[in-house]
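The structure under discussion appears below in the form of structure tokens.
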Amino acid sequence: MAVLAELEDPRTREVNEKHGDDHGVNHSKLRALAKRLKTQQELARRLWETDDTAARLLAILICRPKAFERDELDVMLRGARTPKVQDWLVNYVVKKSPHSEELRVAWSADPDPVVASAGWALTTERVAKRPEGLDLAGLLDVIEAEMKDAPDRLQWAMNHCLAQIGIEHAEYRTRAIDIGERLEVLKDYPTSPGRTSPFAPVWITEMVRRQDDWTVA
């Protein structure tokens, strides 16, 4: 904790706080510290218990994902508090857990929109890598009915899933683009030069174009 305090930078904190993350440690420095510590499950648990955002991010980087029980991951997700901790927990820990599918199903149906957004993130992972058994048409039905009025983090996760379906599954591409065009979610989201817009029709079209270019190359 003393080392993390030394790494604290006011300007980094200012940037992070604009995104809802209450810490000021540069992510590259966090990763460098994690590389020095290597995997330490007990230390990871103790760092998580501090409830400090930087400490929890470090805990995620040094933990052993498969060592957590299903209910333990559920409690951790619900107490994650900040967007970056939730994102890293889902992407670096839950996705590697043997409990990921059970949690995906449970979280997707949770009334808490933040928890539900984690379920949608896991669903997006399956859409891209293991779509067998998923009802893609049914997912599009839910997105079409609920995404427009969903809270921000849940809306973002559903939009990502919509784009992934359109990118990875040609048979649903036209419908995915149509849903995005009609709902106009993130249509006006500010996008830096050289970055792809998160607006689903643009995102889908650009990623498919890149895939076609790679195939030709």
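The values are calculated or read from the model by the stated rules, or taken from the named source; none is laboratory data. Please read all numbers here as calculations on a predicted model, not as lab measurements. We place every Cβ from the backbone using ideal geometry, glycine too, and count neighbours over all the protein chains shown. Areas reflect the complete protein model, heavy atoms only, side chains present, ligands, DNA and RNA absent. Shrake-Rupley method; radii C 1.70, N 1.55, O 1.52, S 1.80 Å.
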(request) List the number of the failed condition for PRO98; all other conditions in (1) assigned to a loop (DSSP other than H, G, I, E, B); (2) under 21 Å from ARG70 (Cβ atoms); (3) open to solvent by less than 50 Å² (accessible area, probe 1.4 Å); (4) in contact (Cβ under 8 Å) with a residue 24 or more places away in the chain hold. (result) (3)
(request) Would you tally the residues in region 192-217 being under 13 Å from ALA170 (Cβ atoms) and modelled with pLDDT of 95 or more? (result) 4
(message) For region 178-217, which positions are in contact with a Ser or Thr (Cβ under 9 Å, 6 or more places away or on another chain) and among the aliphatic types (A, V, I, L, M)?
(response) LEU186, VAL202, MET207
(message) Of everything in region 32-69, what is closer than 18 Å to LYS95 by Cβ and open to solvent by 60 Å² or more (accessible area, probe 1.4 Å)? Give them in sequence order.
(response) THR39, ARG64, LYS66, GLU69
(request) Considering every residue within region 182-195, establish whether at least one is crowded, with 16+ Cβ neighbours inside 10 Å, assigned to a helix (DSSP H, G or I), of a type in the set (A, V, I, L, M) and in contact (Cβ under 8 Å) with a residue 24 or more places away in the chain. (result) yes
(request) Tally the residues that are open to solvent by less than 30 Å² (accessible area, probe 1.4 Å) and polar (S, T, N, Q), restricting the search to region 13-31. (result) 1
(message) For the structure I just gave you, tell me whether LYS38 is in contact (Cβ under 8 Å) with a residue 24 or more places away in the chain, out of contact with any Pro (no Cβ under 6 Å at 6 or more places or on another chain) and over 23 Å from ARG126 (Cβ atoms).
(response) yes
(message) Restricting to region 120-169, give me the number of residues that are in a helix (DSSP H, G or I), within 25 Å of GLN211 (Cα to Cα) and touching a residue at least 12 places away in the same chain (Cβ under 8 Å).
(response) 27
(message) Checking GLY20 against (1) touching a residue at least 12 places away in the same chain (Cβ under 8 Å); (2) in a helix (DSSP H, G or I): exactly one of these is not met. Which one?
(response) (2)
(message) Quick check on region 151-161. Is at least one of its residues surrounded by 14 or more Cβ atoms within 10 Å (Cβ to Cβ), basic (Lys, Arg), under 15 Å from the mean Cα position of the chain (by Cα) and farther than 16 Å from LYS95 by Cβ?
(response) yes
